[in-house]
Amino acid sequence: MDDCIFCKIIKGEIPSKKIYEDEDVIAFNDINPEAPIHFLVIPKKHIESVNHIDEESSKVIAHIFNVINKIVRELNIADTGYRIINNCGVDGGQTVNHMHFHVLGGRELKWPPG
Ligand code: AMP
Ligand code: ZN
């Protein structure tokens, strides 16, 4: 998608602090972190939101969780804990329409969110 900011990050047209990349996904630090550790994991294929997932494309979600599992161990937050968030649509607070999973950690997080 030409006007998608995360597609531009994938293509290297917008800089990012990339922390992981493979054939199907990338992870990079959120530009506006809400916690000491706050990164995003996104599929390289432009999928607008969870609403746009089908049987085939849902496989990337299993892969994203596997990647999160690796990264949190590397960042030493696997044991202290972390939160995975997917915002979907207007009420969910989604501002970038390229499906992404936030991972936050490095401090105790409040629950429930606002
Ligand atoms: P959401 O509100 O769930 O759609 O989350 C979008 C997230 O993308 C926000 O937390 C933003 O801070 C983050 N974001 C927007 N632009 C960039 C960028 N260029 N690099 C890294 N993170 C970004
Ligand atoms: Zn995109």
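The values are calculated or read from the model by the stated rules, or taken from the named source; none is laboratory data. Remember, it's a predicted structure, so these values are computed and weren't measured experimentally. For neighbour counting, all protein chains shown are included, and Cβ atoms are generated from backbone atoms with ideal geometry for every residue, glycine included.
Residues in the stretch 86-114 that are away from ligand 2 (no atom under 16 Å from the Cβ), in contact (Cβ under 8 Å) with a residue 12 or more places away in the chain and hydrophobic (A, V, I, L, M, F, W, C): Val103, Leu104, Leu109.
Here the strands (runs of 3 or more DSSP E) wholly within the stretch 16-114 that include at least 2 residues being buried (at least 17 other Cβ atoms within 10 Å of the Cβ) and at negative phi are 25-29, 37-43, 101-105. Hey, does the stretch 44-63 have a residue that's within 11 Å of ligand 1 (Cβ to nearest atom), of a type outside the set (Gly, Ala, Ser) and under 12 Å from the mean Cα position of the chain (by Cα)? There is no residue in the stretch 44-63 that is within 11 Å of ligand 1 (Cβ to nearest atom), of a type outside the set (Gly, Ala, Ser) and under 12 Å from the mean Cα position of the chain (by Cα). Residue count for the stretch 1-43, restricted to those that are more than 10 Å from ligand 1 (Cβ to nearest atom), aliphatic (A, V, I, L, M) and under 11 Å from the mean Cα position of the chain (by Cα): 4. Look at the stretch 1-18: where a residue is over 13 Å from Asn97 (Cα atoms) and a partner is in a helix (DSSP H, G or I) and near ligand 1 (Cβ under 10 Å from one of its atoms), sitting 6+ places away or on another chain with Cβ atoms under 7 Å, you get Ile14/Ile5; Ile14/Lys8; Ser16/Ile9. Counting only residues that are within 15 Å of ligand 2 (Cβ to nearest atom) and either among the polar types (S, T, N, Q) or at pLDDT below 95 (or both), the stretch 33-85 holds 3 of them. Residues in the stretch 85-104 that are β-branched (Val, Ile, Thr) and over 21 Å from Ile10 (Cα atoms): Val90 only.
Being in contact with a Lys or Arg (Cβ under 8 Å, 6 or more places away or on another chain) and hydrophobic (A, V, I, L, M, F, W, C) is true of Val60.
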